[in-house]
Amino acid sequence: MRIGTTLGYSGGFTQAAAELRDLEAAGVEIAFVAEAYSFDAVSQLGYLAAVTERMRLASAILSIYTRTPALLAMTAAGLDHVSGGRFVLGLGASGPQVIEGFHGVPYHAPIARTREIVEICRRVWRREAVVHRGRHYELPLPADRGTGLGKPLKLINHPVRPRVPIMLAAIGPKNVELAAEVAESWLPVFVHPGRLHEVWGPSLAAGRARRDPELGPLDVVVTMPLAIGDDVDHLLDLARPQLALYIGGMGARGKNFYNDLARRYGYEREAELIQELYLAGRKKEAEAAVPEDLLRATSLIGPEKYVAERIAELAECGVTTVSVKPLAGPLDERVAAIERLRDLMP
């Protein structure tokens with residue numbers, strides 16, 4: 001099981017990038033850079049490629065709607081080049097509020113589009129002439145939809161690797177099935193290890209049954225806050241705002257994938273209450289309504305023995321990468337937390 005971390009830069013990107021070198025030395029093997037509707041992830045990943053040496057670098061995530069399939073492939077090949085073969089292309093569908101509200105693009109057929117994008121990207125990386133006739137993407141563009149002058153092209157440069165690893169962010173049953181079938185890595189959100197197989201087991205099994213053996217075993221990535229110690233229980237509350245945001249506010253009523261997931265975990269009434277409070281602008285009350293057992297299940301916060309048991313539980317569930325956000329303050333304390341976690345890894 002490897003350790004990862006998500007780059008946070010509330011104190012400034014340059015400072016966070018400099019600190020990442022110390023976390024790399026402490027045992028962090030992969031860094032994830034988010035995009036959402038903030039600064040783009042690509043420019044930051046290029047910067048990180050220059051200031052790190054060994055750790056892998058992953059977008060978490062680039063939305064499939066914000067770039068053409070060919071540009072996604074070119075971008076991944078370019079980042080893989082400047083990082084010396086350390087890049088992971090994290091893709092996801094995001095949601096209609098962001099895609100239609102911020103990008104002005106219809107949120108349509110995310111699963112089918114993702115499958116086609118993966119196929120196109122891998123064709124580009126193999127330096128094949130890109131010809132694709134799908135339901136959502138046609139390359140070259142047919143004459144009746146353009147000038148008729150488009151021609152099959154292949155990537156000019158030779159990629160560092162003929163297949164850049166792809167990580168798919170997915171929580172819906174069909175999305176997870178697709179990730180298990182076609183991606184090197186799967187990135188779910190606020191994973192409850194005790195209910196992982198109950199909620200996603202059938203989807204993972206169905207996808208793995210069609211998986212190409214050349215892809216290797218599926219890398220399962222979970223993200224959790226981290227604090228190891230005998231007096232850290234109070235830090236659980238720091239995870240409340242994000243869970244309340246996702247369950248309550250990341251999507252409209254009836255179209256919130258994270259709220260649906262909380263319900264599938266068995267928190268139907270709690271998910272409904274959190275959403276009602278959050279959408280009414282009562283965010284603090286929504287945070288207080290997040291169940292404590294959900295907070296504990298989706299975090300690594302507690303005494304060393306407890307965290308070790310949680311790591312063993314994650315490993316038993318098939319988790320292979322744990323991306324952590326150390327809740328300690330100064331850099332030296334966060335480095336120490338990573339080192340302690342490293343010693344607990346199987």
Give me the pairs: first residue in the range 262-281 and at negative phi and open to solvent by 60 Å² or more (accessible area, probe 1.4 Å), second residue at pLDDT 95 or above and assigned to a loop (DSSP other than H, G, I, E, B), beta-carbon distance under 6 Å, and six or more apart or on different chains, which are they? Glu270/Pro291; Leu273/Ala289
Determine which single condition Pro106 fails, assuming it passes every other condition in (1) surrounded by fewer than 19 Cβ atoms within 10 Å (Cβ to Cβ); (2) assigned to a helix (DSSP H, G or I); (3) at pLDDT 95 or above. (2)
Mind listing whichever residues of the range 33-87 are of a type in the set (Gly, Ala, Ser) and under 20 Å from Thr114 (Cα atoms)? Ala34, Ala36, Ala41, Ala58, Ser59, Ala60, Ser63, Ala70, Ala73, Ala76, Ala77
Could you please find all residues in the range 285-310 being farther than 29 Å from Gly248 by Cβ and either modelled with pLDDT under 95 or part of a helix (DSSP H, G or I) (or both)? Glu304, Lys305, Ala308, Glu309
Of all residues making up the range 282-301, the number that are touching a residue at least 12 places away in the same chain (Cβ under 8 Å), under 16 Å from His192 (Cα atoms) and of a type outside the set (S, T, N, Q): 9
Got a number for residues in the range 230-258 being part of a loop (DSSP other than H, G, I, E, B) and either among the polar types (S, T, N, Q) or touching a Lys or Arg at 6+ places or on another chain (Cβ under 9 Å) (or both)? 1
Residue satisfying condition, being at pLDDT below 95, on the phi > 0 side of the Ramachandran plot, of a type outside the set (Ser, Thr, Tyr) and surrounded by fewer than 14 Cβ atoms within 10 Å (Cβ to Cβ), within set Gly216, Gly194, Gly254: Gly254
Selected residue (criterion: farthest from Ala179 (Cα to Cα)) from residues of the range 112-139 that are assigned to a helix (DSSP H, G or I) and open to solvent by 60 Å² or more (accessible area, probe 1.4 Å): Arg123
Given the conditions (1) of a type in the set (S, T, N, Q); (2) more than 18 Å from Val199 (Cβ to Cβ); (3) touching a helix residue (DSSP H, G or I) at 6+ places or on another chain (Cβ under 6 Å), every one holds for Asn259 apart from (2)
Quick one: would you say Gly207 is touching a residue at least 12 places away in the same chain (Cβ under 8 Å), part of a helix (DSSP H, G or I), touching an Asp or Glu at 6+ places or on another chain (Cβ under 8 Å) and open to solvent by 40 Å² or more (accessible area, probe 1.4 Å)? no
Go through the range 292-313 and give me each residue that's buried (at least 21 other Cβ atoms within 10 Å of the Cβ), closer than 11 Å to Met224 by Cα and not hydroxyl-bearing (Ser, Thr, Tyr). Leu300, Ile301
If you take the residues of the range 311-341 that are of a type in the set (Gly, Ala, Ser) and assigned to a loop (DSSP other than H, G, I, E, B), which of them is nearest to Pro217 (Cα to Cα)? Gly318
Looking at Gly248, Gly201, which is the one that is surrounded by 20 or more Cβ atoms within 10 Å (Cβ to Cβ), over 30 Å from Asp80 (Cα atoms) and within 20 Å of the chain's Cα centre (by Cα)? Gly248
For residues that are without any contact (Cβ under 8 Å) to a residue 40 or more places away in the chain and assigned to a loop (DSSP other than H, G, I, E, B), scanning just the range 74-102, find the one that is surrounded by the fewest Cβ atoms within 10 Å (Cβ to Cβ). Ser83
Going through (1) open to solvent by 20 Å² or more (accessible area, probe 1.4 Å); (2) part of a loop (DSSP other than H, G, I, E, B) one by one, Lys174 fails only at (2)
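The values are calculated or read from the model by the stated rules, or taken from the named source; none is laboratory data. Only a predicted model underlies this, so the values are computations on that prediction, with no experimental measurement involved. For neighbour counting, all protein chains shown are included, and Cβ atoms are generated from backbone atoms with ideal geometry for every residue, glycine included. These area figures cover heavy atoms from the full protein model, side chains too; ligands, DNA and RNA do not enter into them. Shrake-Rupley method; radii C 1.70, N 1.55, O 1.52, S 1.80 Å.
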